[in-house]
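One structure is given below, encoded as structure tokens.
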Amino acid sequence: MNNIRIFIDGACKGNPGVGGWAAIMDINGQEKVISGREPDTTNNRMELTAAIEALRCIKQPASVEIYTDSQYVRLGITQWVQDWKKNNWKTSGKTSVKNKDLWEQLDALCQHKDITWNWVKGHAGSKGNEKADRLASQACASVPSKPG
């Protein structure tokens, strides 16, 4: 079975605004880097997108460790999503869950996978987190601003 470590991050210039995401994947000692951008999005959507796109790359059974500086992503997928699904995608406050489309994708990708979600403090010296942050910011910066 493959052992995969993934560092993910999202960035946004303005919130909402131009966004970027990145994932640094270590697959049995081989590094794979993926990133992307959106012209009009939010930071939380970019954090979720990084996780989704990284998990889409995993085609074989694997033990996966994901590192994120987003408690929104970590707590959302490990704790909140089950209640959201039971409550027809409503929060405990009876409002609609934001980013439902992405949460549904992430939840589906996590089914039948061995995933450990880890929180790391952002900008605190974690090499993987710092690199993912830098790449997400670079992806974000490469999108032309909307005329305006």
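Every residue in region 16-35 that is at negative phi and not in a strand (DSSP E or B), please. The answer is Pro16, and nothing else. Residues in region 40-77 that are farther than 12 Å from Asn118 by Cα and touching a Gly at 6+ places or on another chain (Cβ under 8 Å): Asp40, Thr41, Thr42, Asn43, Asn44, Arg45, Met46, Glu47, Leu48, Thr49, Ala50, Glu53. The residue that is surrounded by the most Cβ atoms within 10 Å (Cβ to Cβ), among those in region 64-79 that are farther than 13 Å from Ala50 by Cα and either without any contact (Cβ under 8 Å) to a residue 12 or more places away in the chain or among the small types (Gly, Ala, Ser) (or both), is Gly76.
For region 75-99, the set of residues classified as assigned to a helix (DSSP H, G or I) and either within 21 Å of the chain's Cα centre (by Cα) or hydroxyl-bearing (Ser, Thr, Tyr) (or both) consists of Leu75, Gly76, Ile77, Thr78, Gln79, Trp80, Val81, Gln82, Asp83, Trp84, Lys85, listed by residue number. If you go through region 96-135 and keep only what is touching a residue at least 40 places away in the same chain (Cβ under 8 Å), among the β-branched types (Val, Ile, Thr) and surrounded by 15 or more Cβ atoms within 10 Å (Cβ to Cβ), you end up with Ile115, Val120.
Each reported figure results from applying straightforward, stated rules to the coordinates on display, with no laboratory input. Since we're looking at a predicted model, the values are computed, not measured. In this analysis, Cβ positions are derived from the backbone assuming ideal geometry, glycine residues included, and neighbour counts consider all displayed protein chains.
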